[in-house]
Amino acid sequence: MAATVIPIDTLPSINPATGEVLAYFEKTPPGRMPEIVSHGRAAQSVWAKLPLGDRCGKLRDLRNCILASRNELADAVVRESGKPRVEALFADIFVGLDSAEYWSRNAAGVLRTRPVPHHSTAAKAKRGYLTYDPVGLIAIISSWNYPLAIPLSQIIPAVTAGNAVVCKTSEFTPQCGALIEKLFIEAGFPKDLVKIVQGGGEVGQALIDASPDKVMFTGSVATGRRVAEACAKKLIPSVLELGGKDAMIVLADADLEVASSAAVWGSYTNCGQVCLSVERLFVEQAAAEKFMELCVTKTKKLRIGPGSDPAADVGPLILPQHVQRMNDLVHDAVSRGARVLCGGKPRADLGPNFFEPTIIAGVDSSMKLFQEETFGPILAIQVVRDAREAMTRANDSPFALAASIWTKNRNRGMALAAEMRAGAVMVNDAVSYFGIAEAPHGGCGASGWGRTHGEAGLLEMVQMKYIDVDLLPRREKPWWYRYGSDLEHAADAFLQFEFSGGIGAKLRHARAALKTFFRNHGL
Ligand code: NDP
């Protein structure tokens, strides 16, 4: 049998459903990174001078290009990530389009110069303003699981705010990376403003070594830690979007038909390879039996197959090692007393990376399934006495990305959401807030720091600047030299005038306080 020769400087694009190599893409030599970053900086210095309205206009061109290429883009996502085409359209393409649409209309509202009213008498003779400067060149390092949605929803606000971007997409999705760069070129963005670099971890590391002004990282906790260390050494600010272990709490009063469909979809969409997957499900005892029955019935109806098959609900995992990992997680849980209600096995008959959608009940915090990020098609359930126990267990995790609460009582849902340790909590829905452009996304603890999406995400792309304009430019400030007992008394009177409770006390000290203002500096 003839061996396939893989050129050393290329990345294979592999279909995870079959293991077939679809194409090869050129790797970016890490040694070229300083030059790429410097070209990006040159493009940024011109781009940032364009009025914001013009930059937003380009986003509309980008939106049109994404819409026109949606079939080609969806094909690439399906081929490289394995997900069903419907998921490529609803998640990857929708989020890219919506990000361009949203920021084209709303960036000006967030980035407009804002007045800062001053409360203190000492600052009344000044006008304050907040303005927003671009950060400069932003490095975006992305995961493979949403190979368009994640990079696009970060690159778009970055360039809107006047930055250049060098983005390292995942080595598993090189075609999607190449298509992103093509979209920005077709939409007429300046050359070098958005550059995709291709390769593995060494390319990501070289990008950080080239000293970008900020790093936006999406990926695992282990890599996130390395990225944070590399950034810290250079004092580069970072946003880290890391793993999740999202809890879903199903209260006894929930609509169990709806909640069970959500649990099934939230655990298996993208084959469970979602940072916002339902990874720990807590159901109140009173509803547990019926709820689990519904979940099992619905899971058994799901069709497993390659994303290219329009009838497939659940696609493959990204790598064969991940199939092995699912096996390990199931065995660990079962050996500690959990029960497999359905699924639980690889499907080698379908391809190297398929694993059955699986439900395991009786999972508890002693098991890996509740400790480590699963990132696969396993719905792990624990029955709890009541909402209080559910909340205590849900919050008992180093991860804190998102969560969901299911109840017919909206006020109860809101009250429990307030208690949840997470960056986002959905009441009666799961995962989908990622597609809401206004919703900030990000967590704390092992899930990382900073935000993408929403106003908070756009503000990560700028340097906030406070501008102070003095309204009395011909007057020296009272607190300037020379010091002496007169000024000390006046300063004391000023403090009492400013901070005494009653109006009488204020008036008593007003005259002496005013003296500070009209004092002769004697310099
Ligand atoms: P990885 O951490 O393996 O990789 C993320 C990115 O970092 C890839 O582009 C990777 O390159 C790159 N990388 C690897 N090593 C380094 C390094 N030393 N320096 C710089 N960059 C490096 O994550 P995955 O791609 O496997 O994504 C899955 C993880 O991402 C899951 O934990 C998931 O929860 C998380 N995630 C979080 C999201 C969030 O918003 N919070 C959203 C989506 C995913 P390469 O892989 O090409 O070698």
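Every read-out reported here was derived from the displayed coordinates using simple, explicitly stated rules and does not represent laboratory data. Predicted, not measured: the structure shown is a model, and the values here were computed from it. Here Cβ is always computed from backbone atoms with ideal geometry, including for glycine, and neighbour counts include all displayed protein chains.
Some observations on this one:
- Placing R0 at 35 angstrom, the Cβ-Cβ distance between Thr10 and Leu52 gives a FRET efficiency of 0.35 after rounding to 0.05.
- Residue order for Trp480, Trp265, Trp406, fewest other beta carbons within 10 angstrom first, comes to Trp480, Trp265, Trp406.
- Degrees between helix 94-111 axis and first principal axis of the chain (Cα, 0 to 90, nearest 10): 0 degrees
- About the Cα centre, charge dipole magnitude for the chain (Lys/Arg +1, Asp/Glu -1 at Cβ), debye: 1940 debye
- Spin-label model distance (nm) - Leu514 vs Arg303, 7 Å beyond Cα toward Cβ: 8.5 nm
- Here the chain has an Rg and Dmax of 27.6, 99 Å, counting Cα atoms alone.
- Linear extension gain, Leu523 paired with Tyr129, 0.36 nm per residue minus alpha-carbon span: 138.7 nm
- Longest site-free stretch - the chain; sites: trypsin sites (Lys or Arg not before Pro), DSSP loop, at most 14 other Cβ within 10 Å: 192-300
- Residue exposure sequence - His119, His331, His441, His509 - by fewest surrounding Cβ within 10 Å: His119, His331, His509, His441
- Label-point separation in nm, Ser211 to Arg475, each point 7 Å along Cα→Cβ: 4.5 nm
- Whole-number percent relative contact order across region 18-98, with pairs defined as alpha carbons under 8 Å at least 6 apart: 22 percent
- Alpha-carbon centroid distance for the pair region 107-126 / region 310-370, whole angstrom: 55 Å
- Within the chain, longest stretch free of exposed GluC sites (Glu not before Pro) [DSSP loop, at most 14 other beta carbons within 10 Å]: 21-437
- Per-pair calculated FRET efficiency, R0 = 25 Å: Asp332 and Gln285 via Cβ, rounded to 0.05: 0.50
- Estimated 222 nm signal from helices in the chain, with DSSP H stretches of n ≥ 4 weighted -39500 (n - 2.57), rounded to 500: -13000 deg cm²/dmol
- Cross-link pairs exceeding 19 Å in C-alpha to C-alpha distance, out of Lys168/Lys245; Lys124/Lys477; Lys83/Lys245; Lys49/Lys182; Lys300/Lys408, comprise Lys168/Lys245; Lys83/Lys245; Lys49/Lys182; Lys300/Lys408.
- Separation of alpha-carbon centers, region 176-197 and region 394-469, rounded to whole Å: 30 Å
- Neighbour counts of C-beta atoms inside 10 Å place Leu67, Leu294 in the sequence Leu67, Leu294, starting with the fewest.
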